[in-house]
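Working notes for the structure below.
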Amino acid sequence: MKDLTTENITENVHAINSQCTNPRTRYIFERLVSHLHDFARETRLSTDEWMTGLDFLTDVGQISTDLRREMILLSDTLGLSALVDSIDHPRTGKSTEGTVLGPFHTHDAREVENGYSIHKDPEGTPLLVLCTVRDTAGNPLQGVQVDVWEGDSHGNYDVQYPDRDGPDGRGILFSEHDGSFWFKAVKPVSYPIPMDGPVYSMLQMLGRHPNRPGHVHFLLRKDSFDPLITALYPRGDPYEASDPVFGVKDSLIVDLSEVTDAQLAKRYGVVEGTALLTYDFVLVSVTETLKLRKEKAEEAIKKMGRSMEDFQGLPILDVD
């Protein structure tokens with residue numbers, strides 16, 4: 001720890017951190033420090049720039065609350081959230097792709113029956129969401145917990161209103177014996193990310209717009225299946241190809257139709273002409289996910305020219 005220089009400080013930090021007894025944590029910090037130090041050296045980071053970054057992160061933390069997750073928003077707008085989701089939840093060709101959780105998910109949504117109207121918004125265009133959920137073999141899955149949430153017709157989530165007295169635009173449903181679930185919502189509209197915080201200031205500095213394409217969020221959970229965090233995006237939104245949080249994927253873009261059948265309208269308690277969103281979700285098993293995750297981890301480590309051991313399904317460096 002003597003005579004530290006720009007060239008040897010990284011190995012000294014690794015030496016001190018090597019006292020950590022958890023191999024996965026030790027590996028994560030070894031790679032984190034390596035990339036942070038390389039970043040500083042490659043950019044010749046100045047003291048003023050370093051302090052600007054620290055002040056920015058401080059502001060992100062200070063504006064965050066249980067209902068305002070600015071740190072998640074920062075991760076989203078840097079593409080990190082989408083990357084981590086793809087790494088941690090790899091999908092087979094048959095399974096539904098995931099996307100970002102976003103900063104507006106809460107844990108106070110109520111469990112409701114299928115057919116429930118999740119919104120109190122009288123100005124929204126009514127939307128019937130009619131879906132199924134199956135496994136990769138095509139078998140319907142009963143009892144899947146489906147957490148849904150979306151913004152209102154003004155593009156605001158309930159947590160963005162100062163007079164919020166409970167959840168709105170949210171609900172937790174469960175799939176029926178045939179794998180179906182359905183609820184009433186409003187047609188999603190595009191909206192800007194919060195424009196009163198440091199993340200929006202960052203986007204302005206980078207010359208980026210803040211507008212997300214309209215979408216409905218879904219979080220599906222069932223024992224023995226990998227959780228699925230995803231969203232559906234009605235086709236044709238002007239921000240479809242420039243989502244500031246990198247959440248849009250081709251497989252998640254959907255075409256809305258209308259309820260044109262009188263019997264269908266009666267069955268689901270809507271009027272003819274109501275906008276209709278249909279989608280068939282496919283969940284992948286935990287076993288399949290762990291196998292695929294390990295395969296992709298091994299590929300990534302080999303590209304680095306390193307070997308690996310397995311620790312709780314995740315890579316660590318071999319001690320050799």
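The values are calculated or read from the model by the stated rules, or taken from the named source; none is laboratory data. Please read these numbers as outputs of a predicted model, since none were measured by experiment. Counting neighbours? That spans all protein chains shown, and the Cβs are built from the backbone with ideal geometry, glycine included.
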### Task
Give the number of residues within the stretch 136-195 that are charged (D, E, K, R) and either over 15 Å from GLY115 (Cα atoms) or not assigned by TED's automatic domain parsing to the domain that holds HIS107 (or both).
9
### Task
Please work out if ASP59 is at pLDDT 95 or above, charged (D, E, K, R), surrounded by 12 or more Cβ atoms within 10 Å (Cβ to Cβ) and farther than 27 Å from ILE253 by Cα.
yes
### Task
Could you please let me know if ASP165 is surrounded by 15 or more Cβ atoms within 10 Å (Cβ to Cβ), more than 16 Å from the chain's Cα centre (by Cα) and of a type in the set (Asp, Glu)?
no
### Task
Restrict the check to the stretch 27-39 and report whether at least one residue is modelled with pLDDT under 95 and among the polar types (S, T, N, Q).
no
#### Entry: Positions within the stretch 115-151 being aromatic (Phe, Trp, Tyr) and more than 14 Å from VAL270 (Cα to Cα), in sequence order
TRP149
### Message
Within the stretch 196-209, does at least one residue satisfy the condition of being farther than 14 Å from PHE104 by Cα and aromatic (Phe, Trp, Tyr)?
### Response
yes
### Task
Name the residue, out of ASP147, ASP108, ASP48, that is among the acidic types (Asp, Glu) and assigned to a strand (DSSP E or B).
ASP147
### Message
Any residue that is outside any loop (DSSP other than H, G, I, E, B), touching a residue at least 12 places away in the same chain (Cβ under 8 Å), in the same structural domain as ASP280 (by TED's automatic domain parsing) and in contact with a strand residue (DSSP E or B) (Cβ under 7 Å, 6 or more places away or on another chain) - is there at least one of those in the stretch 87-105?
### Response
no
### Message
Residue under question is GLN142, and the condition is that it be touching a Pro at 6+ places or on another chain (Cβ under 8 Å) and either modelled with pLDDT of 95 or more or crowded, with 16+ Cβ neighbours inside 10 Å (or both); does it hold?
### Response
no
### Task
From (1) under 17 Å from PRO198 (Cα atoms); (2) modelled with pLDDT under 95; (3) outside the structural domain of SER251 (by TED's automatic domain parsing), pick out the condition that doesn't hold for LEU78.
(2)
### Task
For the stretch 133-171, enumerate the residues that are polar (S, T, N, Q) and farther than 22 Å from THR99 by Cβ.
ASN139, GLN142, SER153
### Message
If a residue must be outside any loop (DSSP other than H, G, I, E, B) and under 15 Å from the mean Cα position of the chain (by Cα), how many such residues does the stretch 205-230 contain?
### Response
10
### Query
When the stretch 205-250 is examined, which residues are found to be of a type in the set (S, T, N, Q) and either modelled with pLDDT under 95 or closer than 19 Å to GLU150 by Cβ (or both)?
ASN211, THR230
### Message
Being in a strand (DSSP E or B) and either at pLDDT 95 or above or among the small types (Gly, Ala, Ser) (or both) is the requirement here; does GLY171 meet it?
### Response
yes
### Query
So which residues in the stretch 71-90 are closer than 20 Å to VAL286 by Cα and buried (at least 21 other Cβ atoms within 10 Å of the Cβ)?
PRO90
### Per-region count, the stretch 93-123, residues over 18 Å from the mean Cα position of the chain (by Cα), of a type in the set (Gly, Ala, Ser) and modelled with pLDDT of 95 or more
2
### Task
Say whether the condition of being polar (S, T, N, Q) and under 25 Å from the mean Cα position of the chain (by Cα) is met by at least one residue in the stretch 39-47.
no
### Task
For TYR116, state whether it is touching a residue at least 60 places away in the same chain (Cβ under 8 Å) and farther than 18 Å from VAL248 by Cβ.
yes
